[in-house]
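Following: one structure in structure tokens, then a few remarks.
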Amino acid sequence: MSSSTPRLVPVTPENFDAVCAIRLHPHQEHLVSPVLKSLAEAYVYGTNAWPRAIVDRGDDGAEEVVGFVMAFLDISWADDANDRRSGIWRLNISAARQGRGYGRFAVQAVAEEIRRLGGTHAYVTWNPGEHTPEPFYLGLGFTTTGELSGTQRVGVLTL
């Protein structure tokens, strides 16, 4: 990351185009839905979705969008009203900005928001296979639950 501190900000009319312009490495595109789909889901799921732009100062000192993260907050997991979960729904870091700690920052910021809301666990899912983000999430302390959400593996982090 640059010497400034990255932060999460709401997606607004002013940063919408920059958020939608985030592009992953070509070998990652099949693993994560595009930001535009995430924003449509955020609209549909209302208060259970928490979409945020990840911004930081660029080399020129201007603030720029470097990624996008969306949390799910207090959802009914697998249609079980007694199993409520929160976690990382989507994480997209611009290909040009990967490897600089922005993903780690975003996961930690979402975990902090979940903790602030009284949550004790953060969940995440990922597609298995080549270039999977599994090592990234396991490196942040997530453990696999043994569950699948569709075809995706489920991980959990105790907060």
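Inside region 44-59, residues that are over 11 Å from W89 (Cα atoms), open to solvent by less than 40 Å² (accessible area, probe 1.4 Å) and at pLDDT 95 or above make up a count of 4.
Tell me whether region 96-105 contains one or more residues that are open to solvent by 40 Å² or more (accessible area, probe 1.4 Å), part of a loop (DSSP other than H, G, I, E, B) and at negative phi. Taking every residue of region 96-105 in turn, at least one turns out to be open to solvent by 40 Å² or more (accessible area, probe 1.4 Å), part of a loop (DSSP other than H, G, I, E, B) and at negative phi.
Select from region 120-146 the residues that are out of contact with any Asp or Glu (no Cβ under 6 Å at 6 or more places or on another chain), part of a strand (DSSP E or B) and touching a residue at least 24 places away in the same chain (Cβ under 8 Å) and list them in ascending order.
Here is the first cut: in region 120-146, the ones out of contact with any Asp or Glu (no Cβ under 6 Å at 6 or more places or on another chain) are 120-125, 127-146.
Imposing the further condition that a residue be part of a strand (DSSP E or B) reduces the set to 121-125, 143-146.
Of everything in region 120-146, those that are out of contact with any Asp or Glu (no Cβ under 6 Å at 6 or more places or on another chain), part of a strand (DSSP E or B) and touching a residue at least 24 places away in the same chain (Cβ under 8 Å) turn out to be H121, A122, Y123, V124, T125.
Residues in region 9-34 that are under 17 Å from A71 (Cβ atoms), of a type in the set (A, V, I, L, M) and modelled with pLDDT under 95: V32 alone. Looking across A18, A109, one residue alone is among the small types (G, A, S), within 24 Å of L138 (Cα to Cα) and crowded, with 16+ Cβ neighbours inside 10 Å. It is A109.
Which of the residues spanning region 115-137 are of a type in the set (A, V, I, L, M, F, W, C) and open to solvent by less than 40 Å² (accessible area, probe 1.4 Å)?
Within region 115-137, the subset of a type in the set (A, V, I, L, M, F, W, C) is 117, 122, 124, 126, 136.
Matches in region 115-137: A122, V124, W126.
For E29, the conditions (1) under 21 Å from Q98 (Cα atoms); (2) of a type in the set (D, E); (3) touching a helix residue (DSSP H, G or I) at 6+ places or on another chain (Cβ under 9 Å); (4) open to solvent by 40 Å² or more (accessible area, probe 1.4 Å) are fulfilled apart from (3).
If you go through region 2-33 one residue at a time, how many are polar (S, T, N, Q), within 18 Å of P51 (Cα to Cα) and under 17 Å from the mean Cα position of the chain (by Cα)?
Taking region 2-33 as the starting set, the residues that turn out to be polar (S, T, N, Q) are 2-5, 12, 15, 28, 33.
From what's left, within 18 Å of P51 (Cα to Cα): 12, 15, 33.
Subsequent filtering for residues that are under 17 Å from the mean Cα position of the chain (by Cα) retains 33.
So the count comes out to 1.
Among the residues making up region 60-92, those that are open to solvent by 20 Å² or more (accessible area, probe 1.4 Å) and either in contact with a Lys or Arg (Cβ under 8 Å, 6 or more places away or on another chain) or within 26 Å of E29 (Cβ to Cβ) (or both) are E63, E64, V65, D74, I75, S76, W77, W89, R90, L91.
The values are calculated or read from the model by the stated rules, or taken from the named source; none is laboratory data. Keep in mind that this is a model prediction, so the values were computed, not measured. Quick reminder, even Gly has a Cβ in these numbers, built from the backbone with ideal geometry, and neighbours come from all protein chains shown. When the accessible area is computed, the model is the full protein with side chains, heavy atoms only, and any ligands, DNA or RNA have been set aside. Shrake-Rupley method; radii C 1.70, N 1.55, O 1.52, S 1.80 Å.
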